[in-house]
Structure formats: structure tokens, C-alpha cells
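Structure first, commentary second.
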Amino acid sequence: MSFKDKFKNFFYLEEEEEEMQEKRQPAPAQQPRPEPPRQADQDWRQKERRKPAPARPQEGANVVSLQSIKKSSKMILSEPRVYAEAQDIAEHLKNKRTVVVNLQRIDHGSGTRIIDFLSGTVYALGGDITRIGQDIFLCVPENVELSGEISEFLYDEFE
């Protein structure tokens, strides 16, 4: 924008402000404005607007807690065959899904690495990991609570 345009705009704004001031001044022949409502009246009207409509009790209506209405949970069954599949299992845990991991089809060294990786993932997410069978582990996110125990003598007999 050139200096000339800026100069014109500057003066145009001044003319516009003068016109606005002239409009604000009431002409002597005009009728007086009605009195604005008192503050107490305005406060009362605002309070009335804010009040929620009273709830009408319905016959036979059931009250349901919002916490009981949850998205359906999923349990994922996983049988990794390579270490790279541990990341997919971790994604399921991040999405708050329970995962049962069966390590019977993978060599012992890779299975140990997978469990180490999943233990770190579960710890970071605040969940839990539990051995539920020989080479079978249950990984749960924070929104799932584990209770009870599976005795170890059952799967020690098969080793």
C-alpha cells in the first residue's frame, strides 16, 4: 500500500468518526428515550433465564448411572510369531483393550523379549500383566481390574 493510500485512509477514518459523533448527539426535536430497566429487574430476568426447567418425574422411569454405560470392551487374543508383533499388542493396550498373549509358538528368547516389552508398556499405562498359564499372559490396561489368582502348580506339572 502506498503512502498516498495510507494518507487517504487516515483522513477517511477521521471523517467517519466525526459522522458517528454527530449521530450520537440527539437532535433537540426528538422525543426523550424511555428509561432503561432498573438493575434489579435485569438481574431477576437473567436469573429466570438461567434456571433449568424443572424435571418432571415419569412413571416407570429408570435411573441409570453414567458410569455403568460404557463402550463395549474388547478382549484381544494374540499369538505372536515374531518379536515385531509386540508393538501391535502394545497398541491394543494403549486403546484400553485387554490382551491374552500366547507365546507357545515362539522361541523362548523372543518370548522373553516380548514379555519384557509388554511389561514396560503395561507399567507405563498403569495396567497389569499376569501369567495365567504356561507361556500364556494376560495384559490389562488401567480401566480393567484383575482379581484372583491362578495357582502355579497346574502348569508346573506339564513342564
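Read the figures in this text as sums done on the coordinates, not as results from a lab. Please read these numbers as outputs of a predicted model, since none were measured by experiment. Quick reminder, even Gly has a Cβ in these numbers, built from the backbone with ideal geometry, and neighbours come from all protein chains shown.
Here are some notes:
- First in segment 73-99 and touching a residue at least 24 places away in the same chain (Cβ under 8 Å), second anywhere and among the basic types (Lys, Arg) and surrounded by 12 or more Cβ atoms within 10 Å (Cβ to Cβ), Cβ under 6 Å, 6 or more apart: LYS74/ARG97; ILE76/ARG97; TYR83/ARG113
- Of all residues in segment 93-110, those satisfying the criterion of being under 34 Å from the mean Cα position of the chain (by Cα) and closer than 14 Å to PHE137 by Cβ are LEU93, THR98, VAL99, VAL100, VAL101, ASN102, LEU103.
- Restricting segment 82-140 to residues that are among the acidic types (Asp, Glu) and assigned to a loop (DSSP other than H, G, I, E, B) leaves a set whose member that is nearest to ILE150 (Cα to Cα) is ASP135.
- Subset of segment 127-147 (residues that are among the small types (Gly, Ala, Ser) and more than 26 Å from the chain's Cα centre (by Cα)): GLY133, SER147
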